[in-house]
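What follows is a set of notes on a single structure, which appears directly below.
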Amino acid sequence: MASTCVDVIDIDDPSDPRVDDFRDLNSVDRRPDLPALPGGRVGKGLVIAEGVLVAQRMIASRFAPHAFLGVGKRLTELDDALEKPTLRGVPFYRASADVMADVVGFHLNRGVLAVARRPPVLDVADVVGRAHTVAILEGVNDHENIGSIFRNAAGLGVDAVLFGAGCADPLYRRCVRVSMGHALLVPFARFDDWPRGLSVLNDHGFRTVALTPGPGSVPLREAVDADKVAFLVGAEGPGLSETVMRASDLRAHIPMSRGTDSLNVATAAAIAFYERARSGTMDA
């Protein structure tokens, strides 16, 4: 293994307090990635990256890891990424798979974790000011759907993800894992005033497109050719609120067959992203 910037520290005792930031990842009462715990207690609100690939993406993101926990094999696999100068002095706690399982509360097949503190939240206006294509979520509270939307956004050239009311935490461990770490790389922000805050999209020249199978919608391909496009998607079942659809410039649907009226929200978002990319206006 080449020289790395991290400090490798062997951990033999799973009760060692130095690895507390990785402890009890499945515990509702103590999980370190929760900003708020039951009973109104304040949580650590840490960001956890699982696996070599997701840890690499955390290292490359604005979420600066302050510690790692992993088996020796994963330390070797992360070798190149751990040469980043900003990691100088960051501890890599090396442990056996059994010790690691005792710390986190289950056997982790991915063999390595990275942990970071949450940086300051981004401002919606700043995020959209640098974007041409964004996704806006309302009421999406399924962590796997949010993670999938981030992964789709990264792969299909979407510049940012924005959150309206009723959405789950995009930095929850499962979201980060399902996104393959792209929740740490694709910029995101939350609206403070929903849905009135959508006016910032109009101020920046965006066409806001509400994805809905309902009446009054045009086929998706007719809605994606503006210089700047913001796709709005809602939760499974209820979809977008009528208030949000009225605030949008356009309603669009994905043409369906066999009596199916809608798709999983992450799938629908991916189709919208692809249609936008296929239109050739993504980088207009």
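Taken over region 119-147, the criterion of being buried (at least 21 other Cβ atoms within 10 Å of the Cβ), out of contact with any Gly (no Cβ under 7 Å at 6 or more places or on another chain) and part of a helix (DSSP H, G or I) is satisfied by V128, N145, I146, G147.
Here region 11-41 is the region considered, the condition is being acidic (D, E) and surrounded by 11 or more Cβ atoms within 10 Å (Cβ to Cβ), and the residue that is farthest from Y172 (Cα to Cα) is D13. The C-beta contact set for region 165-187 (first residue modelled with pLDDT of 95 or more, second residue part of a loop (DSSP other than H, G, I, E, B) and basic (K, R), distance under 7 angstrom, 6+ apart or interchain) comprises L171/R118.
Does G164 satisfy being more than 25 Å from L78 (Cβ to Cβ), touching an Asp or Glu at 6+ places or on another chain (Cβ under 7 Å) and of a type outside the set (S, T, Y)? For G164, the condition - more than 25 Å from L78 (Cβ to Cβ), touching an Asp or Glu at 6+ places or on another chain (Cβ under 7 Å) and of a type outside the set (S, T, Y) - is met. Exactly one residue out of D203, D225 is surrounded by 12 or more Cβ atoms within 10 Å (Cβ to Cβ), of a type in the set (D, E) and over 15 Å from T267 (Cα atoms), and it is D225.
The values are calculated or read from the model by the stated rules, or taken from the named source; none is laboratory data. All values derive from a computational prediction rather than experimental measurement. When we count neighbours, we look across all protein chains shown, and the Cβ atoms used for this are built from the backbone with ideal geometry, even at glycine.
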